[in-house]
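The block underneath contains the structure these notes are about, expressed in structure tokens.
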Amino acid sequence: MSYLLRFRALYGRLLFACGVAAGITTFLMMVLVVANVAGRYLFNAPIDGTLELTESMLTVLITLSFALTQYEGGHIQVVLLTKNFSPLWRQVASTLAMLLGFIFFAWCTYAVFQFAMKSYAFDEHEWGSIQFPLYPVKMVCAFGVLLITIQFAIDTVLTAAGVDLPGHDIDGVSPEEAI
């Protein structure tokens, strides 16, 4: 189990790097939108393609930060029922939730990858005020969904083994904190 914990910590570094990339993307998107608004109102010259670029940047920043949020235990947890379970049943419920998350995101990874490959095969482009290929953005999205799939797989095994994950422990949580 210590190997899996070490792998999780190492994997967390990759997720942190993806989180930094998502943060940089957010900052660049913000700069682009501010520059577009300033150009439009001060010089009557908006930046072409701002809408198309921010759409693509938004999908990248969301999918790259999914897995880091799971790693840190930052997703919303509703424990209305499970807070009254015994520790064993909380572990079972948590393991089942992680397993369902893994199954769902494994399916999503497959579907998004197929979607990205079709986009690449057809050389799909964004047709707005600017043109650019969409398959690189879709490939990054497939990568981001793969990352959360791997994180759910790791968390499923660790939760089943009884390891307390950061942000996933509901023992001792008051009802006000839990909801």
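Here are the numbers for this structure:
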| quantity | calculated |
| --- | --- |
| Residue count, region 78-105 (criterion: part of a loop (DSSP other than H, G, I, E, B) and surrounded by 17 or more Cβ atoms within 10 Å (Cβ to Cβ)) | 1 |
| Counted residues, region 112-132 - those being β-branched (Val, Ile, Thr) and within 25 Å of PRO46 (Cβ to Cβ) | 1 |
| Flag for VAL112 being modelled with pLDDT of 95 or more, of a type outside the set (Phe, Trp, Tyr) and either part of a helix (DSSP H, G or I) or over 23 Å from ALA22 (Cβ atoms) (or both) | yes |
| Candidates GLY23, GLY12 - the one that is small (Gly, Ala, Ser), surrounded by 17 or more Cβ atoms within 10 Å (Cβ to Cβ) and out of contact with any His (no Cβ under 6 Å at 6 or more places or on another chain) | GLY12 |
| Breaking point among (1) in contact with a Pro (Cβ under 6 Å, 6 or more places away or on another chain); (2) touching a residue at least 60 places away in the same chain (Cβ under 8 Å); (3) among the small types (Gly, Ala, Ser), for GLY39 | (2) |
| Only listed residue being in a helix (DSSP H, G or I) and within 19 Å of VAL140 (Cβ to Cβ), chosen from LEU4, LEU64 | LEU64 |
| When residues of region 117-158 are limited to those that are among the hydrophobic types (A, V, I, L, M, F, W, C) and assigned to a loop (DSSP other than H, G, I, E, B), the one nearest to GLY101 (Cα to Cα) | LEU134 |
| Members of region 30-77 that are polar (S, T, N, Q) and surrounded by 13 or more Cβ atoms within 10 Å (Cβ to Cβ) | ASN36, THR50, THR54, SER56, THR59, THR63, SER65, THR69, GLN70, GLN77 |
| Count - residues of region 37-79 that are over 30 Å from ASP155 (Cα atoms), touching a Leu at 6+ places or on another chain (Cβ under 7 Å) and not aliphatic (A, V, I, L, M) | 2 |
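The values are calculated or read from the model by the stated rules, or taken from the named source; none is laboratory data. Please read these numbers as outputs of a predicted model, since none were measured by experiment. Glycine also receives a Cβ, built like all others from the backbone with ideal geometry; neighbour counts cover every protein chain displayed.
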